[in-house]
Amino acid sequence: MSAARPIRRIAILGGGTAGWMAAALLASKLRGLTDAIQVIESPEIGTVGVGEATIPPIALFNGALGLDEADFMRQTRATFKLGIQFRDWGRLGQTYFHPFGVFGTSPDMDALHHCWLKARQHGETRVFEQWSLNAVAAQLNRCMRPEQSNDSSASLYSYAFHFDANLYAQYLRRYAEQRGVVRLERKVVNVELRGEDGFIQALQLDDGERVEAELYIDCSGFRGLLIEQALHTGYEDWTHWLPCDRAVAVPCASAGALTPYTRSTARSAGWQWRIPLQHRIGNGYVYCSRYLSDDEATATLLAHLDGAALAEPRLLRFTTGRRRQFWNKNCIALGLASGFLEPLESTSIHLIQSGLMQLAAIFPDRSFDPADAAEYNRLQIGEIEHIRDFVLLHYHATERDDQPLWRYCSRMPIPDSLAYRKNLFCSSGRVAFDDKELFVEPNWLSLFIGQRCWPRRFDPLAGIPAVEETRRQLAGLKQQIRQTAECMPTHEQFIAEHGRAG
């Protein structure tokens, strides 16, 4: 057995959310085990910085760093997020809600959606989300932490955050620098590769300095300066499945109640996001340039703001897809450098978090055993392809035929992995998922039912009672969930007590 050759020097190219998440986690996990962690961040190169909505696993990342939640909320101007409201996706005029947490009042209510589907066939008119505590609380503009409720059903609800991504990066930068991370305000002008194996040897900076490390983390955004431009890893293009290739973003002044959810509204050639923060609202229009010009997209976005625009609209161009490898030689790509999925289900920051957590679990030494890289790539490719399928179903499972984009998406061939899930649910209402996947049964149910993918029959072993008994049970559950939600404080009251920025 060969002696361990631990990694002593790590270089992170790029700051922003990905770079400083990486620096913060590595500084926390490797404290005392490395000689240097350096972040190379050029002030001349901007960050995207519009990813403001998250999903519940963000709490695990913040918890791994030991962050105080109230302080985090104050520093990032955060609000709570209980789910996502979708407007005009399945059909024009229709709204549904994808809540976090589970449906019902216990995690083992496997037959609940079968009961609801049976009752629906016999005249039930209430939407399925009325049996979600998260959805009902969001509808009432209320929220709280589960542990602060005396109601046992509150423990089944879950939450995430909306926050200012630039402020979050600054917050994590302070955290990382306090733990020894060094920031170099430089620009990389050349990447030196080792002749014998093509590994990265050093980064040459614009002032002549060379940065040598054993492990390099590429957080350079869409450019992929290390993973692609230097190592030529290759990119798998998913535009034929997810044709939106541009976004225009602009913040606006707050208006009305502070809602604890993200809103996604389908437009003629894409969709518009609305993300409420403590100090402003984040807005953007993700669209397909084949069907809409940049000027038309900008005009549409500005015409649908809640308040006055606070900046000039910012245009982003992207190609949905992923690198063929996330870990290549001694380089690991994170964030936009690793690939891109539009932010429809707020998974961009989660993919950074997932990549970092897997890196911590499969951390290399200087031998860079190919088996470690292969396992890391298997897990990360599986993660992003699972999320791709979930995002793709929003487009494909639509009844809209009023615009070219929606006609294309409803008729396009889909990946076999998604076709399998859809066929299974449409057959018997069963949901195929792996416990290690990000989106599990409640998430898929929200989407299938929200976009009217009705099963042809019920699971014969689901133990569905008679129709009248089903109605009685559903009514009791709905009342219990409503009462729990009504006891919660309003979103604004809760933030005022637990994280209002000064």
Which one of these does GLU196 not meet: (1) under 30 Å from ILE37 (Cα atoms); (2) modelled with pLDDT of 95 or more? (2)
Counting only residues in the stretch 202-243 that are in a loop (DSSP other than H, G, I, E, B) and among the small types (Gly, Ala, Ser), the one surrounded by the fewest Cβ atoms within 10 Å (Cβ to Cβ) is identified as GLY208
Among all residue pairs at least 6 apart or on different chains, which show Cβ distances below 9 Å where the first residue, located in the stretch 287-311, is within 11 Å of ARG267 (Cβ to Cβ) and open to solvent by 70 Å² or more (accessible area, probe 1.4 Å) and the second is at pLDDT 95 or above and hydrophobic (A, V, I, L, M, F, W, C)? TYR291/ALA269; TYR291/LEU405; GLU296/ALA269
Output the number of residues of the stretch 244-277 satisfying the condition of being in contact with a helix residue (DSSP H, G or I) (Cβ under 6 Å, 6 or more places away or on another chain), assigned to a loop (DSSP other than H, G, I, E, B) and modelled with pLDDT of 95 or more. 3
What do you reckon, is GLY198 touching a residue at least 24 places away in the same chain (Cβ under 8 Å) and surrounded by fewer than 16 Cβ atoms within 10 Å (Cβ to Cβ)? yes
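Results for (1) modelled with pLDDT of 95 or more; (2) assigned to a helix (DSSP H, G or I); (3) more than 23 Å from the chain's Cα centre (by Cα); (4) not basic (Lys, Arg), shown as yes or no for each residue.
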| residue | (1), (2), (3), (4) |
| --- | --- |
| VAL286 | yes, no, no, yes |
| ALA297 | yes, yes, yes, yes |
| LEU336 | yes, yes, no, yes |
| ILE349 | yes, yes, no, yes |
| LEU356 | yes, yes, no, yes |
| ALA360 | yes, yes, no, yes |
Return the residues of the stretch 431-454 that are charged (D, E, K, R) and either assigned to a loop (DSSP other than H, G, I, E, B) or farther than 17 Å from ILE55 by Cβ (or both); say none if nothing qualifies. ASP434, ASP435, LYS436, GLU437, ARG452
What residue, among those in the stretch 476-498 that are assigned to a helix (DSSP H, G or I) and open to solvent by less than 40 Å² (accessible area, probe 1.4 Å), is farthest from GLY256 (Cα to Cα)? GLY476
Is it the case that LEU82 is open to solvent by less than 10 Å² (accessible area, probe 1.4 Å) and of a type in the set (A, V, I, L, M, F, W, C)? yes
Are any residues in the stretch 336-349 in contact with a strand residue (DSSP E or B) (Cβ under 9 Å, 6 or more places away or on another chain) and of a type outside the set (S, T, N, Q), and if so, which ones? ALA337, GLY339, PHE340, LEU341, GLU342, PRO343, LEU344, GLU345, ILE349
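This table checks each residue for (1) over 14 Å from HIS113 (Cβ atoms); (2) at pLDDT 90 or above; (3) under 24 Å from the mean Cα position of the chain (by Cα).
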position	(1), (2), (3)
PHE439	yes, yes, yes
LEU445	no, yes, yes
PRO465	yes, no, no
GLN479	yes, yes, no
MET488	yes, yes, no
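If the requirement is being without any contact (Cβ under 8 Å) to a residue 40 or more places away in the chain, within 25 Å of ASN62 (Cα to Cα) and crowded, with 23+ Cβ neighbours inside 10 Å, which of these qualifies: ILE332, ILE281, ILE352?
On the way: ILE332 fails: without any contact (Cβ under 8 Å) to a residue 40 or more places away in the chain; ILE352 fails: without any contact (Cβ under 8 Å) to a residue 40 or more places away in the chain.
Answer to the check: ILE281.
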Consider ARG471 carefully, then state whether it is open to solvent by 40 Å² or more (accessible area, probe 1.4 Å), farther than 20 Å from SER158 by Cα and either more than 29 Å from the chain's Cα centre (by Cα) or modelled with pLDDT of 85 or more (or both). yes
Take ALA373 and decide whether it is crowded, with 16+ Cβ neighbours inside 10 Å, out of contact with any helix residue (DSSP H, G or I) (no Cβ under 8 Å at 6 or more places or on another chain) and assigned to a helix (DSSP H, G or I). yes
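Looking only at the stretch 376-401, count how many residues are more than 24 Å from the chain's Cα centre (by Cα) and open to solvent by 60 Å² or more (accessible area, probe 1.4 Å).
Step one: filter the stretch 376-401 for residues more than 24 Å from the chain's Cα centre (by Cα), giving 399-401.
Filter again for open to solvent by 60 Å² or more (accessible area, probe 1.4 Å), leaving 399, 401.
Looking only at that region, the number is 2.
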Residues that are buried (at least 22 other Cβ atoms within 10 Å of the Cβ) and in a strand (DSSP E or B), drawn from the stretch 86-102: PHE86, PHE97, HIS98, PRO99
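Results for (1) of a type in the set (Gly, Ala, Ser); (2) within 24 Å of GLN353 (Cα to Cα); (3) touching a residue at least 12 places away in the same chain (Cβ under 8 Å), shown as yes or no for each residue.
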position	(1), (2), (3)
GLY382	yes, yes, no
HIS396	no, no, yes
ARG400	no, no, yes
GLN403	no, no, yes
SER410	yes, no, yes
VAL431	no, no, yes
ASP435	no, yes, no
TRP444	no, yes, yes
ILE449	no, no, yes
Within the stretch 115-140, the residues that are β-branched (Val, Ile, Thr) and surrounded by fewer than 20 Cβ atoms within 10 Å (Cβ to Cβ) are THR125, VAL127
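The values are calculated or read from the model by the stated rules, or taken from the named source; none is laboratory data. None of these values were measured; they are calculated from a predicted model. Heads up, the Cβs are rebuilt from the backbone with ideal geometry, glycines too, and the neighbour counts pull from every protein chain shown. Protein only, heavy atoms only, side chains kept; ligands, DNA and RNA dropped before computing areas. Shrake-Rupley method; radii C 1.70, N 1.55, O 1.52, S 1.80 Å.
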